[in-house]
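Participant: Take a look at the following structure, please.
A short reminder: the numbers here are calculations on the coordinates, not readings from a lab. In this text the structure is predicted, and so the values were computed from the model without any measurement. All Cβ positions, even for glycine, are placed from backbone atoms using ideal geometry, and neighbour counts span all protein chains on display.
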Amino acid sequence: MKTRRSGSRRAAPRARPRIVSDELMCSRSDEIKDAVARRAYDIFEQRGRVDGHHDEDWRQAESELVFPLAVTVADEGECLTVAAAVSGFDAIDLEVCVEPRRVTIAGRRRPDVAGAEHRTRLFRAVELPEDVVTSDVIAAVEDGVVEVTLRKVAASEAKPPG
C-alpha cells in the first residue's frame with residue numbers, strides 16, 4: 001500500500017514488525033509451548049491432580065495465554081499476501097519469519113498493555129501454496145492488521161525436482 005496524501009498532511013508510515021530467522025522463531029515456539037505446559041500443569045494441580053484431563057487442561061491453558069490468530073492468504077499474481085488481525089499488539093510486539101513455503105507470525109504483548117495478563121502471546125505458522133523469495137519480504141502493521149507481502153519464485157527461478 002502507498003501512503004496517501006491529504007492536502008498538505010502526510011499519512012503516518014505503517015509500523016513494521018521485525019523479520020527474524022527460523023532459528024529464532026523456533027525458539028519463540030518453544031517458549032510458548034513451555035508457558036502453555038506450565039499453565040496446563042497448574043490447571044491439573046488446581047483440579048486436584050485428577051488424571052484423564054490432559055487435553056482439556058492444555059486447551060484451557062492455550063486459550064488463556066495465546067491470542068487466536070485468524071489468517072488469510074491472497075494470491076496477488078506475482079505476490080502472495082498474508083494478513084492477520086493482531087488487535088492489541090503493536091508492530092514492536094511482533095516478529096515474522098519467512099521460509100520458502102511458510103510464514104510464521106509470533107508476538108508477545110508488553111506487560112504495560114491493559115489486560116495483558118491473558119492472551120499475551122500469539123503464534124501462527126501458515127503454509128503457503130507456492131514458493132516465495134525469502135529475502136524479499138514487506139511486512140507492516142496498520143489498524144490492527146499485520147500484512148506480509150511476499151514475491152513468488154518465478155517459474156524460471158524454481159529448482160527442478162530431484
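Participant: Enumerate the calculated ³J(HN,Hα) couplings along the stretch 68-85 in order (Karplus 6.51 cos²θ - 1.76 cosθ + 1.60, θ = phi - 60°), each rounded to whole Hz, writing x wherever the residue is Gly or Pro.
Facilitator: For the stretch 68-85, the Karplus-derived couplings read x, 10, 7, 10, 10, 10, 10, 8, 10, x, 7, 10, 10, 10, 9, 10, 8, 6 Hz, x marking Gly and Pro.
Participant: Also, I was wondering about something else. For ARG151 and GLU23 in the same chain, what is the full-extension length gain: residue separation times 0.36 nm, less their Cα-Cα distance, in nm?
Facilitator: Result: 43.9 nm gained on full extension.
Participant: Quote to one decimal, in nm, the extra length available between GLU130 and THR81 on full extension: 0.36 nm per residue of separation minus the C-alpha distance between them.
Facilitator: 16.5 nm
Participant: Over the stretch 16-152, what is the mean sequence separation of C-alpha contacts under 8 Å (at least six apart), divided by residue count, expressed as relative contact order in percent?
Facilitator: 28
Participant: Evaluate E = 1/(1 + (r/R0)^6) for ASP55 and ALA140, where r is the Cβ-Cβ distance and R0 equals 41 Å; express this FRET efficiency to the nearest 0.05.
Facilitator: 0.65
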